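Data first, discussion second: the structure below is written as structure tokens.
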Amino acid sequence: MVLLKSAEEIELIRAASKIVFGTVRDLTNYLRPGLTTGQINERANALIVEQGGRPAFLGYQGFPAATCVSINNEVVHGIPGPRQLKKGDIVSLDIGVELNGYFGDAAVTLPVGKISKEAEELISVTRGALVKGIEQATSGNRLSNLSCAIQQFVEENGFSVVRQFVGHGIGSKLHEEPAIPNFGIMNQGPELLSGTVLAIEPMVTQGDYRVKVDQDGWTVVTRDGSLSAHFEDTVAVTDNGPEVLTGILTL
Ligand code: MG
């Protein structure tokens, strides 16, 4: 069942989302070659706590860190550690925050120094796919039209959407219904109603869409080793159209 949120609840999700945004904005300027993914995680954790939030991923189903940091062929759920960023890498940061019992969730893929043309295009198309998804987060629309818009945009630009992991509803839980695939056919799934809050998160690969979980039990990587990018915003469906609560695309 898709739980609809009151204006008060959306305000609480907005407050948690603000901390997510502030943290990602800081990290965007902080990234540089030589930094370890563990240092990124420590800074993220400190920023979240400083702003009064709790890092929602820490301990979630046993995840060992405050943030997911995924590099190059890693799609999502990368565990931060001693690995250093190199010039030419692309790095995906996924951050969730709980504040006063409500959650915000967002992700961004960033370049480390100068990156290849292909990597730039992958990032730009994944960002564009999130825009396309958000545009469909309107009251009265069917959920799969959002999925479909993302898939169509990605595929017409020559990339693939990951099937195995999906976006989700969000609110007083980090993951709520509905599941939001980044692929589908038109006019399926529940009707989106005002008060629905969604974490829309296209995960895009340069090559084949198939992924696998690494030996660490968490890190999701592309099977063919191709690059992957991930953008995510927490978005409320309102009577006045989609309201983006995390604002990753404004960075
Ligand atoms: Mg998410």
**Study point:** Residues that are assigned to a strand (DSSP E or B) and either of a type outside the set (D, E, K, R) or out of contact with any His (no Cβ under 8 Å at 6 or more places or on another chain) (or both), drawn from the stretch 82-102
**Key:** Q84, I90, V91, S92, L93, I95, G96, V97, E98, L99, Y102
Practice item. Could you check, for the stretch 169-186, whether at least one of its residues is outside any strand (DSSP E or B), basic (K, R) and within 16 Å of the ligand (Cβ to nearest atom)? Key: yes
Review point. Is it true that V20 is under 26 Å from S226 (Cα atoms), open to solvent by less than 20 Å² (accessible area, probe 1.4 Å) and modelled with pLDDT of 95 or more?
Key: no
Study note, to complete from the structure: Selection over the stretch 1-59 where residues are assigned to a strand (DSSP E or B) and touching a Lys or Arg at 6+ places or on another chain (Cβ under 7 Å) yields a count of 1
**Study point:** Hits in the stretch 58-73 (condition: open to solvent by less than 20 Å² (accessible area, probe 1.4 Å) and not small (G, A, S))
**Key:** F63, T67, C68, V69, I71
Study note, to complete from the structure: Among V162, V166, the single one that is within 16 Å of the ligand (Cβ to nearest atom) and without any contact (Cβ under 8 Å) to a residue 40 or more places away in the chain is V166
Review point. Regarding F231, is this residue open to solvent by 10 Å² or more (accessible area, probe 1.4 Å) and among the aromatic types (F, W, Y)?
Key: no
**Study point:** Residue in the stretch 96-108 that is open to solvent by less than 50 Å² (accessible area, probe 1.4 Å), within 17 Å of the chain's Cα centre (by Cα) and more than 16 Å from the ligand (Cβ to nearest atom) present
**Key:** no
Exercise for review: Taking P80 as the residue in question, decide whether it is open to solvent by 50 Å² or more (accessible area, probe 1.4 Å), in contact (Cβ under 8 Å) with a residue 12 or more places away in the chain and either over 20 Å from the mean Cα position of the chain (by Cα) or closer than 28 Å to V161 by Cα (or both).
Suggested key: no
Exercise for review: Answer yes or no as to whether E121 is closer than 22 Å to S194 by Cα, open to solvent by 20 Å² or more (accessible area, probe 1.4 Å), at pLDDT 95 or above and of a type in the set (D, E).
Suggested key: no
Point to revise | Conditions (1) open to solvent by 20 Å² or more (accessible area, probe 1.4 Å); (2) within 16 Å of the ligand (Cβ to nearest atom); number of the one not met by A129 | key: (1)
Study note, to complete from the structure: Scanning the stretch 191-221 for residues that are outside any loop (DSSP other than H, G, I, E, B) and either within 16 Å of the ligand (Cβ to nearest atom) or charged (D, E, K, R) (or both) gives E191, V197, L198, A199, I200, M203, V204, V211, K212, V220
Revision key, fill the gap. Flagged in the stretch 13-34 as touching a residue at least 24 places away in the same chain (Cβ under 8 Å) and either closer than 27 Å to G189 by Cα or of a type in the set (F, W, Y) (or both), in numbering order, are I13, R14, S17, F21
Review point. Which one is surrounded by the most Cβ atoms within 10 Å (Cβ to Cβ), of the residues in the stretch 133-155 that are outside any loop (DSSP other than H, G, I, E, B) and hydroxyl-bearing (S, T, Y)?
Key: S147
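The values are calculated or read from the model by the stated rules, or taken from the named source; none is laboratory data. Everything numeric in this text was worked out from a predicted model, so none of it was measured. Please note: Cβ atoms are built from the backbone with ideal geometry, for glycine as well, and neighbour counts cover all protein chains shown. With ligands, DNA and RNA removed, areas are computed over all heavy atoms of the protein, side chains included. Shrake-Rupley method; radii C 1.70, N 1.55, O 1.52, S 1.80 Å.
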